[in-house]
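Report on the following structure.
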Amino acid sequence: MCVTCGCDEGASVTITNLSHSERPQSNLSQNKLTQSEAIDPALGHSPIGSDWHSHQHPDGSVVVHRHGPAAPSPSPSPAHHHHSHPHHHDHPQAGLDHHLADRPSLTATDPVTQTLHLEARLLDKNNQLAAANRQWFQTQGIWALNLMSGPGAGKTTLLVKTLTDLADRVSFAVIEGDQATLNDAERVRATGCPVVQVNTGTGCHLDAAMVQGGCQQLQPPPGSILAIENVGNLVCPALFDLGEASRVGIFSVTEGEDKPLKYPHLFRACDLVLLSKIDLLPYLPFDLDRAIAAVKQVNPKARILPLSSLTGEGLADWYDWLLAQRDRACPVATADLAP
Ligand SMILES: Nc1nc2c(ncn2[C@@H]2O[C@H](COP(=O)(O)OP(=O)(O)OP(=O)(O)O)[C@@H](O)[C@H]2O)c(=O)[nH]1
Ligand SMILES: [Zn+2]
Ligand SMILES: [Zn+2]
């Protein structure tokens with residue numbers, strides 16, 4: 001259950017590596033082990049944990065997935081069971097019920113106390129994993145960006161434009177978050193950028209473990225910008241630290257000027273707020289000044305940039321911001337990449 005909205009979070013999370021065709025097949029399990037050790041030295045155990053595993057489908061695609069803590073075990077035998085996708089496979093860890101591995105022990109009798117206990121455990125675990133992600137990003141000189149907005153504000157369109165326009169200046173890697181489909185990852189892949197798609201199933205946000213799982217597959221190169229497109233949702237993503245260096249919130253002119261006032265937590269947590277689709281301003285009763293005032297009211301420190309991925313208006317400022325933030329955070333990596 002999501003600690004924010006109470007929805008049935010992550011009954012089954014799937015990570016699909018669309019960059020896989022460019023990698024040697026045999027590297028997968030090796031990568032997983034190596035990255036697990038490298039990514040989380042502080043925690044002393046696999047950051048992915050026993051509830052994550054990978055396997056290859058007959059079509060050659062590689063899927064890494066996990067089952068959420070609340071998912072009921074679909075088979076009495078943990079060593080050989082069925083998953084939500086239409087196939088089954090064995091698990092090497094015979095006797096380990098990973099469907100139950102993360103379940104907190106609810107010993108308190110008061111239901112309110114039990115709920116709070118569960119929330120604290122989930123958030124604490126997420127924060128630990130986020131700290132490990134952050135440390136790993138820093139050692140690798142990777143600058144990670146968490147893009148958050150409501151559904152359809154224009155995150156993927158902006159990403160695709162950015163990856164295309166900056167391809168010669170910086171290396172990117174992308175983690176795409178959506179409940180379902182590979183649509184956004186396919187759009188990113190078309191630019192030539194390495195990308196994994198995280199499908200959260202019924203989940204309403206990305207969490208730090210999903211980003212770790214994505215990074216294990218993606219292996220963003222040192223000095224790169226890792227763009228993480230969160231699930232389209234103005235509420236829940238704001239609560240989950242992914243280990244990112246910066247947070248960018250997006251809302252479009254078709255959503256109304258008062259989005260930041262209605263969903264203050266997300267916009268309060270952002271370093272930059274993008275006002276997207278401004279090419280539509282002539283057709284809408286949207287007051288740009290009121291929108292900017294709304295952002296400032298909830299987050300006086302945030303930078304605000306109006307832009308349009310369609311016409312290109314405002315994109316130069318966005319690129320300047322992006323590169324300046326990365327250069328400031330990862331000066332060594334920047335120097336390494338310089339021609
Ligand atoms: N007019 C206009 N349309 C845009 C612009 N950017 C995106 N769109 C359109 O808005 C729709 C949603 O864009 P996406 O980039 O898929 O939005 P998203 O935030 O990635 O959506 P989710 O991943 O579903 O949350 C698409 O039809 C885009 O073509 C823009 O700058 N101007
Ligand atoms: Zn939620
Ligand atoms: Zn998208």
**Study point:** Selected residue [surrounded by fewer than 23 Cβ atoms within 10 Å (Cβ to Cβ), within 15 Å of ligand 2 (Cβ to nearest atom) and of a type in the set (G, A, S)] from G177, G150
**Key:** G150
Practice item. Residues being open to solvent by less than 10 Å² (accessible area, probe 1.4 Å), over 23 Å from P151 (Cα atoms) and of a type outside the set (A, V, I, L, M, F, W, C): count how many of those fall in the stretch 187-216. Key: 3
Point to revise | For G192: the one exception among (1) touching a Leu at 6+ places or on another chain (Cβ under 6 Å); (2) part of a loop (DSSP other than H, G, I, E, B) | key: (1)
Point to revise | Scan of the stretch 140-189 for residues that are near ligand 3 (Cβ under 9 Å from one of its atoms), of a type in the set (S, T, N, Q) and either in a loop (DSSP other than H, G, I, E, B) or in contact (Cβ under 8 Å) with a residue 40 or more places away in the chain (or both), ordered by number | key: S149, T156, T157
Check your understanding: Taking the stated definitions as given, is D207 touching a residue at least 40 places away in the same chain (Cβ under 8 Å) and of a type in the set (D, E)?
Key -> yes
Revision key, fill the gap. Note on the stretch 230-262: residues over 18 Å from the mean Cα position of the chain (by Cα), surrounded by fewer than 20 Cβ atoms within 10 Å (Cβ to Cβ) and either touching a residue at least 60 places away in the same chain (Cβ under 8 Å) or within 16 Å of ligand 3 (Cβ to nearest atom) (or both) are T254
Study note, to complete from the structure: Checked the stretch 300-319 for anything assigned to a helix (DSSP H, G or I) and more than 23 Å from the chain's Cα centre (by Cα); matches are A316, D317
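A quick yes/no check of all residues on (1) out of contact with any Asp or Glu (no Cβ under 6 Å at 6 or more places or on another chain); (2) free of Cβ contacts under 8 Å to residues at least 12 places away in the same chain; (3) hydroxyl-bearing (S, T, Y):
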{"site": "L275", "(1), (2), (3)": "yes, no, no"}
{"site": "D279", "(1), (2), (3)": "yes, no, no"}
{"site": "D287", "(1), (2), (3)": "no, no, no"}
{"site": "A294", "(1), (2), (3)": "no, no, no"}
{"site": "V298", "(1), (2), (3)": "yes, no, no"}
{"site": "A302", "(1), (2), (3)": "yes, no, no"}
{"site": "S308", "(1), (2), (3)": "no, no, yes"}
{"site": "E313", "(1), (2), (3)": "yes, no, no"}
Practice item. Please indicate, with yes or no, whether at least one residue in the stretch 282-291 is surrounded by 14 or more Cβ atoms within 10 Å (Cβ to Cβ) and either more than 27 Å from A324 (Cβ to Cβ) or touching a His at 6+ places or on another chain (Cβ under 6 Å) (or both). Key: yes
Check your understanding: Looking at the stretch 161-208, which of its residues are near ligand 1 (Cβ under 9 Å from one of its atoms) and either over 16 Å from the mean Cα position of the chain (by Cα) or among the small types (G, A, S) (or both)?
Key -> K161, G177, R187
Practice item. Determine if the stretch 299-317 includes at least one residue that is over 22 Å from G177 (Cα atoms), open to solvent by less than 60 Å² (accessible area, probe 1.4 Å) and among the acidic types (D, E). Key: no
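The values are calculated or read from the model by the stated rules, or taken from the named source; none is laboratory data. Note that the structure is a prediction, hence the values are computed from the model and not measured. Cβ coordinates were reconstructed from backbone atoms using ideal geometry, including for glycine residues, and neighbour counts include every protein chain displayed. Just so you know, the surface numbers come from the protein's heavy atoms only, side chains and all, with ligands and any DNA or RNA stripped out. Shrake-Rupley method; radii C 1.70, N 1.55, O 1.52, S 1.80 Å.
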